[in-house]
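Chemist: Below: one structure in structure tokens.
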Amino acid sequence: MAIYQETITFSTEGDTDILDITGQVADVVKKSGVTKGLATVFAVGSTAGITTIEHEPGVIRDLQAAAERWAPVRGQYSHNLRGENNGRSHILSSLIGTSFSVPINAGELILGTWQQIVFVDFDTRPRSRRVMVQVMGEKV
């Protein structure tokens with residue numbers, strides 16, 4: 001069994017910025033040489049999430065609106081009493097989750113036609129972000 005990992009870095013705008021990282025993850029899978037296995041995508045940090053959606057403007061707005069319902073921007077967060085302003089960001093990260101795994105077959109990610117892997121930045125400011133992609137499986 002082969003294991004390969006690589007870190008993807010990029011900048012975000014914060015405030016529930018949603019970026020399609022499918023192509024970058026697919027590139028890591030190709031570099032790994034793994035033909036059958038699993039790719040795990042992990043957001044390094046506690047104010048971001050990794051999930052899958054159809055990355056189009058309507059679904060992006062819907063996910064942003066859902067985040068506002070789940071944890072309102074103007075909500076009361078104990079974390080903010082420490083002088084922070086991102087209590088909401090931590091809550092949303094825990095609800096969406098910081099990792100997502102995708103099967104690999106014939107060296108390709110197994111995703112639906114309209115399914116993309118997205119990074120969601122819940123923090124309150126622009127940031128430089130890191131995502132670790134770990135690929136495990138067989139090289140045939």
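The values are calculated or read from the model by the stated rules, or taken from the named source; none is laboratory data. Keep in mind the model is a prediction, meaning the values are calculated, not measured. Backbone-built Cβ (ideal geometry, glycine too); neighbour counts: all protein chains shown.
Chemist: Please give the strands (runs of 3 or more DSSP E) falling wholly within the range 71-140 in which 2 or more residues are farther than 15 Å from Gly23 by Cα, of a type in the set (A, V, I, L, M) and touching a residue at least 12 places away in the same chain (Cβ under 8 Å). Show your work before the answer.
Modeler: Values: elements: 99-105, 116-121, 127-138.
Result: empty, no element qualifies.
Chemist: For the range 72-84, which positions are of a type in the set (Gly, Ala, Ser) and exposed (fewer than 12 other Cβ atoms within 10 Å of the Cβ)?
Modeler: Just the residues of the range 72-84 that are of a type in the set (Gly, Ala, Ser), to begin with: 75, 78, 83.
Passing the criteria: Ser78, Gly83.
Chemist: Considering only the range 15-46, state which residues are assigned to a loop (DSSP other than H, G, I, E, B) and surrounded by fewer than 16 Cβ atoms within 10 Å (Cβ to Cβ). It would help to see each step written out before you state the result.
Modeler: Residues of the range 15-46 that are assigned to a loop (DSSP other than H, G, I, E, B), as a first pass: 15-16, 21, 33-35, 45-46.
Result: Asp15, Gly33, Ser46.
Chemist: Step by step: first the residues of the range 95-108, then only those that are among the aliphatic types (A, V, I, L, M) and surrounded by fewer than 18 Cβ atoms within 10 Å (Cβ to Cβ), then the one that is farthest from Gly137 (Cα to Cα). Which residue is that?
Modeler: Just the residues of the range 95-108 that are among the aliphatic types (A, V, I, L, M), to begin with: 95-96, 102, 104, 106.
Next, only the ones that are surrounded by fewer than 18 Cβ atoms within 10 Å (Cβ to Cβ) stay: 95, 106.
Values: Leu95: 29, Ala106: 11 Å.
Among those that are among the aliphatic types (A, V, I, L, M) and surrounded by fewer than 18 Cβ atoms within 10 Å (Cβ to Cβ), it is Leu95.
Chemist: A follow-up question, please. Given (1) more than 15 Å from the chain's Cα centre (by Cα); (2) exposed (fewer than 14 other Cβ atoms within 10 Å of the Cβ); (3) under 30 Å from Glu138 (Cβ atoms), where does Arg69 come up short, assuming only one miss?
Modeler: (3)
Chemist: Quick one: is Gly87 surrounded by 14 or more Cβ atoms within 10 Å (Cβ to Cβ), of a type outside the set (A, V, I, L, M), modelled with pLDDT of 95 or more and closer than 22 Å to Lys139 by Cα? Outline the logic, then answer.
Modeler: Numbers: surrounded by 14 or more Cβ atoms within 10 Å (Cβ to Cβ): yes; of a type outside the set (A, V, I, L, M): yes; modelled with pLDDT of 95 or more: yes; closer than 22 Å to Lys139 by Cα: no.
In short, no.
Chemist: Taking Leu92 as meeting all but one of (1) surrounded by 14 or more Cβ atoms within 10 Å (Cβ to Cβ); (2) farther than 17 Å from Phe122 by Cβ, write down the number of the exception.
Modeler: Every listed condition holds for Leu92 apart from (2).
Chemist: Right, Glu13: within 18 Å of the chain's Cα centre (by Cα) and either over 16 Å from Ile117 (Cβ atoms) or not β-branched (Val, Ile, Thr) (or both) or not? I'd like the intermediate steps shown before the answer.
Modeler: Working: within 18 Å of the chain's Cα centre (by Cα): yes; either over 16 Å from Ile117 (Cβ atoms) or not β-branched (Val, Ile, Thr) (or both): yes.
Against the criterion (within 18 Å of the chain's Cα centre (by Cα) and either over 16 Å from Ile117 (Cβ atoms) or not β-branched (Val, Ile, Thr) (or both)), Glu13 qualifies.
Chemist: Hey, another quick one. Please identify the pairs in which a residue from the range 51-65 that is farther than 21 Å from Val131 by Cα has its Cβ atom under 6 Å from the Cβ atom of a residue that is not charged (D, E, K, R), counting only partners at least 6 apart or on another chain.
Modeler: Hits for this filter: Val59/Ile53.
Chemist: Right, something else. Count, please, the residues in the range 1-10 that happen to be over 29 Å from Ala67 (Cβ atoms), aliphatic (A, V, I, L, M) and either surrounded by 13 or more Cβ atoms within 10 Å (Cβ to Cβ) or under 13 Å from the mean Cα position of the chain (by Cα) (or both).
Modeler: Result for the range 1-10: 1.
Chemist: Which members of the range 52-70 meet the condition of being farther than 24 Å from Pro126 by Cβ and part of a loop (DSSP other than H, G, I, E, B)?
Modeler: Once the filter is applied, which keeps residues that are farther than 24 Å from Pro126 by Cβ and part of a loop (DSSP other than H, G, I, E, B), the range 52-70 yields only Glu54.
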